[in-house]
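Colleague: The structure follows.
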Amino acid sequence: MKNNTMGLFYNENFDTLFGYLQVINNPTPITHDNLVFFHNEKQQLVGFNILNAKTMLKNKLTRGINSDNKDLIVEIITLFHQYGYDLTDINSTIQFIVGEVVTVKKHPNSDKLNICEVNLGVEQRQIICGATNVDHHQRVVVANIGAWMPNLLQIVPSELRGEKSDGMICSERELGLPITQAGKVIMVLTDNKYQIGDSFWKEYYKDE
């Protein structure tokens, strides 16, 4: 199974695509024209910047997270191969998936946490959520295991106060989107275009 997940974030103001495979302190940069490759102490690629990204890449770039753009990932793999990098082990599993909250119950060891069963289409998964507005039958955005968040946190299986949590139900703030609701709340999808099991970003940017 491919375990190496790529985080892709586009800054439109600087026309730069930022890529992450690992987060380490003081990586070593190597520059080739509009490409900056970052290595760890073992000379392994841990991240990159693609400058003048709209000129360098044929695939459409969208503001913020681009990690679920499979065509873009293939293009980057092909481009980097010319510079001696083999990224064929990249995991292309959807990072931000549309799910539906099936059940919600109070966490036995916390007054502020809930244990949610979430339908992701091909499977149902337990996720701990502390949002005040989480409820059953909501369609939500789930950061999958391995997903890279805009704050460079990578989602991993975890345990919160004795209960496992496999993923994260996201808020607008956590997704880097304009905040329309104040407080500790998750983003609830009300548009019928969002289908369970699909990539959230694929649908979010569909009409742009």
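The values are calculated or read from the model by the stated rules, or taken from the named source; none is laboratory data. Since the structure is predicted, the reported quantities are computational estimates derived from the model, not experimental observations. Here the Cβ positions follow ideal geometry from the backbone for every residue, glycine too, while neighbour counts run over all protein chains shown. Note: areas computed on protein heavy atoms with side chains; ligands, DNA, RNA excluded. Shrake-Rupley method; radii C 1.70, N 1.55, O 1.52, S 1.80 Å.
Colleague: What are the residues in the stretch 1-26 that are crowded, with 17+ Cβ neighbours inside 10 Å and not in a strand (DSSP E or B), if any?
Modeller: Scanning the stretch 1-26 gives THR5, MET6, LEU21.
Colleague: Moving on. Considering each residue of the stretch 37-53, count those that are part of a strand (DSSP E or B) and either within 13 Å of PHE18 (Cβ to Cβ) or open to solvent by 20 Å² or more (accessible area, probe 1.4 Å) (or both), and give that number.
Modeller: Selection size over the stretch 37-53: 8.
Colleague: Part of a loop (DSSP other than H, G, I, E, B), modelled with pLDDT under 95 and more than 15 Å from MET187 (Cβ to Cβ), is that true of VAL122?
Modeller: Yes, satisfied.
Colleague: Oh, and also: I want to confirm something. Restricting to the stretch 149-201 and keeping residues that are touching a helix residue (DSSP H, G or I) at 6+ places or on another chain (Cβ under 9 Å) and at pLDDT below 95, which single residue is nearest to ASN69 (Cα to Cα)?
Modeller: Looking at the filtered set, the residue picked out is LYS193.
Colleague: Could you go through the stretch 61-68 and let me know if any residue there is under 23 Å from the mean Cα position of the chain (by Cα) and more than 19 Å from ALA147 (Cα to Cα).
Modeller: no
Colleague: Oh, and also: Give me the pairs, please: first residue somewhere in the stretch 107-123 and loosely packed, with under 15 Cβ neighbours inside 10 Å, second residue anywhere and of a type in the set (Val, Ile, Thr), beta-carbon distance under 9 Å, and either six or more positions apart or on two chains.
Modeller: PRO108/ILE115; LYS112/THR132; GLY121/ILE97; GLY121/VAL98; GLY121/ILE196
Colleague: Checking GLU163 against (1) under 20 Å from the mean Cα position of the chain (by Cα); (2) among the acidic types (Asp, Glu); (3) within 19 Å of HIS107 (Cβ to Cβ), only one condition comes out false. Which one?
Modeller: (1)
Colleague: If you don't mind, there's one more thing I want to ask. Taking the condition within 19 Å of GLU172 (Cα to Cα) and assigned to a loop (DSSP other than H, G, I, E, B), does VAL134 pass?
Modeller: yes
Colleague: Sticking with this one: Sort out which residues of the stretch 137-162 are in a strand (DSSP E or B) and either under 20 Å from VAL23 (Cβ atoms) or open to solvent by 50 Å² or more (accessible area, probe 1.4 Å) (or both), and write them in order of number.
Modeller: Of everything in the stretch 137-162, those that are in a strand (DSSP E or B) and either under 20 Å from VAL23 (Cβ atoms) or open to solvent by 50 Å² or more (accessible area, probe 1.4 Å) (or both) turn out to be ARG139, ALA143, TRP148, GLN154, SER158, GLU159, LEU160.
Colleague: While we're looking at this one, here's another question. Counting just the residues of the stretch 88-106 that are modelled with pLDDT of 95 or more and open to solvent by 10 Å² or more (accessible area, probe 1.4 Å), which one comes out farthest from ASN192 (Cα to Cα)?
Modeller: Per the stated criteria, the residue is LYS106.
Colleague: Return the residues of the stretch 71-86 that are under 27 Å from LYS206 (Cβ atoms) and either open to solvent by less than 40 Å² (accessible area, probe 1.4 Å) or among the small types (Gly, Ala, Ser) (or both); say none if nothing qualifies.
Modeller: Hits for the stretch 71-86 are LEU72, ILE73, GLU75, ILE76, ILE77, LEU79.
Colleague: Need pairs with beta-carbon distance below 6 Å; first residue aromatic (Phe, Trp, Tyr) and within the stretch 32-51, second part of a strand (DSSP E or B) and open to solvent by 50 Å² or more (accessible area, probe 1.4 Å); sequence gap 6+ or separate chains.
Modeller: Taking only residues 6 or more apart or on different chains, the pairs are PHE37/ILE30; PHE38/PRO29.
Colleague: Output the residues belonging to the stretch 54-70 that are open to solvent by 100 Å² or more (accessible area, probe 1.4 Å) and outside any loop (DSSP other than H, G, I, E, B).
Modeller: LYS54, THR55, LYS70
Colleague: Working only within the stretch 179-206, note down all residues that are within 17 Å of the chain's Cα centre (by Cα) and on the phi > 0 side of the Ramachandran plot.
Modeller: GLY197, the sole residue that qualifies.
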